[in-house]
1. Using only the Cα atoms of segment 287-382, build the gyration tensor, take square roots of its eigenvalues as a ≥ b ≥ c, and label the shape rounded, prolate or oblate: rounded if a/c is under 1.5, else prolate if a/b is larger than b/c, else oblate.
2. Pick out, in residue order, every one of the GluC sites (Glu not before Pro) in segment 346-377 that is DSSP loop and has at most 12 other C-beta atoms within 10 Å; say none if there are none.
3. Classify segment 366-409 as rounded, prolate or oblate from the Cα gyration tensor: take a ≥ b ≥ c as the square roots of its eigenvalues, call it rounded if a/c is under 1.5, otherwise prolate when a/b beats b/c and oblate if not.
4. Looking at (i) 20.2, 60; (ii) 22.6, 83; (iii) 24.7, 84, which value of Rg and Dmax of the Cα atoms in Å comes from a calculation on the structure shown?
5. Could you do me a favour and compute the accessible area per residue for segment 319-409, 1.4 Å probe, result in Å²?
6. May I ask you to derive the relative contact order of the chain, considering only C-alpha pairs under 8 Å and at least 6 residues apart, and to give it as an integer percent?
7. Just the accessible area for Met170, please: 1.4 Å probe, Å², rounded to the nearest 10?
8. For segment 68-164, report the accessible area per residue in Å² (1.4 Å probe, heavy atoms, rounded to an integer).
Amino acid sequence: MINYARFRECLLFLAVAGAMTLPWGCESGNTPQNPDPEIPADTLLTDAWTYIEVDSTKDMWGTFDDPDWLRYFGLAVADLDGDGYQDVVSGRNVYFNPGAGMTGNWQKVDLGQNVDANLVYVDGETQYVLAEALPDVLRFPVLANRTFGPGEVMAAVPPTGHHNGQGYRMADVLSGNGVDEILYASQGGIYQLVPDGPAPWEATLLTPDASDEGFAVGDMDGDGDLDLVSGYRVPGRDAEVPTVVVWWENPGDGTAPWAAHPVGHTQFATDRVEAGDLNGDGRTDVVVAEERYPGLEPDATLWAYLRVDTGFVRRAIVTQFSMNNLDVADFDQDGDLDLVTGEHKGEALTTQLWLNDGKANFRMKEVDRGKESHLGTQAYDLDNDGDLDLVSIGWDQHRFVHVWRNDAR
């Protein structure tokens, strides 16, 4: 059984002392590195992109409900009309892909309720859009002719300080049977919903005190099931600025809560989190993008935590303006994982691709600038041409929905 008193003491050391090697391997090093290796030519070119403005009139949550300053957090991608092209879901809107080069009109359909739609799943022969209006979790059936049925409340999850949650995933964490569960980061931690049967679905708290920001899914201990990685809200410290990163061990038997294990710490708030093998050693590493509020200085860091025998080694990839965006994928198709992020603050507002040399050394390629992103820069093959495109939404520039078409193929 996990010793929670010792665990919290360890996390408090991480939060207060910063760089430290702890007795049970919280972190084995944290010296930032700025390598400049000789990197082989890309397998797939990544320097040709076409920007597409999907929407420039998107409303925000506060247009319809309190608080009046609140924007939408949701962003999902799926082929909702069966035409072979991926459509975009964000907030209360669905944007249908026009196909071909994707430069035509993206038909905008309103779900008819003020919800923050953020996931899509299939149950039997019916596709559903999932949305938060916390504490309510609703689903909207996808009907013919690009229409949707009314929203049905399926579950209850506690609201956050920003009303709706900023972390959401679907993953098979419960049984390993290929059926995905719904995971929502909210007040108190990450909740699991099993989309099986009529309402109400039970909400199970898997990870007490996990941040309500982004979280990652990955097999952290190599035992064949999926674990979670997130920021941790150390009791007694500022809950809005979690600076401790942990991974949560899936017990594999459906029980909760899950035991937490330290990954490391950040300097500022842990915002977006991803997991994957960055250096090809067969172990799952962690990437974290920091948030800065109000974000007027370029002092937020994109961190890589590389798994070693004694814990994790922290490496700084870049320090710049607040990054509330992150995704991990093989953009150049050379067999390793690359990173993509975007600046949420600053004058340049660059959208950035960080190409991996296979050993977790990254070099930046600028995709675009001048488009603010928040919970965006997500990688999908939107036009089914074999390369990864990007989709993003804004906060300061909340009216915009962005797509960057990858012209590699």
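1. Numbers: a/c = 2.10, a/b = 1.24, b/c = 1.69.
Oblate is the answer for segment 287-382, as a/c is 1.5 or above yet b/c matches or exceeds a/b.
2. On the way: sites: Glu347, Glu366, Glu372; in loops: Glu347, Glu372.
Loop-located and lightly packed - Glu347.
3. Numbers: a/c = 2.88, a/b = 2.01, b/c = 1.43.
Judged from the Cα gyration tensor, segment 366-409 comes out prolate (a/c at least 1.5, a/b above b/c).
4. From the options (i) 20.2, 60; (ii) 22.6, 83; (iii) 24.7, 84, the structure gives (i).
5. Details: 2830 Å² over 91 residues.
So segment 319-409 comes to 31 Å² accessible per residue, rounded to a whole number.
6. On the way: 1123 pairs, mean separation 64.1, N = 409.
16 percent.
7. Rounded to the nearest 10, the figure is 50 Å².
8. Working: 3580 Å² over 97 residues.
Computed with neighbouring chains in place, this is 37 Å² per residue.
The values are calculated or read from the model by the stated rules, or taken from the named source; none is laboratory data. Here the structure is a predicted model, which means the values were calculated and not measured. Positions of Cβ are backbone-derived with ideal geometry, glycine not excepted, and every protein chain shown enters the neighbour counts. Side chains included, ligands, DNA and RNA excluded: accessible areas come from the protein's heavy atoms. Shrake-Rupley method; radii C 1.70, N 1.55, O 1.52, S 1.80 Å.
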